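Here is the structure we will look at, set down as structure tokens.
Throughout, read-outs are computed from the coordinates displayed, never taken from laboratory work. All figures in this text were calculated on a predicted structure; none of them were measured in a lab. FYI the Cβ positions are ideal-geometry reconstructions off the backbone, even for glycines, and counts take in every protein chain you see.
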Ligand SMILES: Cc1cc2nc3c(=O)[nH]c(=O)nc-3n(C[C@H](O)[C@H](O)[C@H](O)COP(=O)(O)O)c2cc1C
């Protein structure tokens, strides 16, 4: 990947609404992820100064390179939001053109932009003009099986000033079902001169490097697999139980400092414990803890119990 895009690792954390918040991004970065993209953040809400949304723009310097992802369908609003976000000096502003969730697409945003390249072009052009920060675009393979448009779409993004494209090998119509088509991802990489990040269905560290080599991409992005195993970003791709507990405790502390609610948090932390004898019972224990104090005690008990 050419400077200034040289990442310390070609494995990136994908943007994950409800998950790739500042605490999780920082912890994945510390484990070795080369880039951790924020949750999608509403351009409209930024422009209207909604407090909860503005909090989503927080990041720590240790996280750099920082990529904040915006979604929206109004080129003027997207440009205004990008100018505001640019003032925070992230390393990248990423534009979401892949989210298939109805709430987003019914307003013409996210993956609906794959079906409206003229509007997408206008958004990318105006956002690139509105900020000196490098603009990147996350796209899908196309609209549906008969409209695999990623190559033309990505070329359009490059022509309008995008500095990097992330391509998820599923179509809008697929949502999260079926399989990602990495031949489309490889075709996007071949067609562009800017760096391309491939994405979709990577389940292990070995597979990540295999996809990287086969597709020729500059980096690959990992989403769902990292939620269960963030150690995918670290050498060997897994960790002993004591380290998983330590990671969960750190996650808990960082999240509590940001005032996050315990209910979604305990489910997230429980997800780190899987695929070993007794992991189901550990998950049940963790999700039934009502307070942060109880949750911390339950985590510490796991470590104590396994080492005694
Ligand atoms: C719970 C969840 C939330 C997601 N949120 C976003 C998002 O905010 N922005 C985005 O561009 N993609 C989002 N995605 C898509 C992922 O970034 C990624 O493209 C997709 O999950 C495929 O990669 P994976 O197979 O490694 O998970 C989300 C996916 C999931 C499962």
Inset, instruction - Determine the percent antiparallel among the DSSP beta bridges restricted to the chain, to the nearest 5. - result: 5 percent
Inset, instruction - Give the calculated FRET efficiency between residue 276 and residue 30 to the nearest 0.05, with a Förster radius of 30 Å applied to their Cβ-Cβ distance. - result: 0.80
Inset, instruction - Could you grab the relative contact order for the chain? Cα pairs under 8 Å, six or more apart, rounded to a whole percent. - result: 13 percent
Inset, instruction - In nm, give the distance between the simple-model label positions of residue 106 and residue 257, each being 7 Å from the Cα along the Cα-to-Cβ direction. - result: 3.9 nm
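So if each residue of separation counts as 0.36 nm, and I subtract the Cα-Cα distance between residue 61 and residue 204, what length gain in nm does that give?
Numbers: separation 143, 0.36 × 143 = 51.48 nm, distance 2.81 nm.
Computed gain between residue 61 and residue 204 is 48.7 nm.
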Legend entry - Efficiency of FRET between residue 300 and residue 8 - r from beta-carbon atoms, R0 30 angstrom, step 0.05: 0.40
Legend entry - Near-label residues of the stretch 188-213 by backbone N, under 20 Å of a point 7 Å along Cα→Cβ of residue 179: 188-189, 198-213
Inset, instruction - Under 14 Å from a label point 7 Å along Cα→Cβ of residue 290: give me every residue in the stretch 227-253 with its amide N that close. - result: none
Inset, instruction - Please give the length that would be gained between residue 213 and residue 242 if that part of the chain were fully extended, namely 0.36 nm times their separation in residues minus their C-alpha to C-alpha distance (nm, one decimal). - result: 7.2 nm
Legend entry - Relative packing of peptides 272-278, 156-162 - highest average C-beta neighbours within 10 Å first: 156-162, 272-278
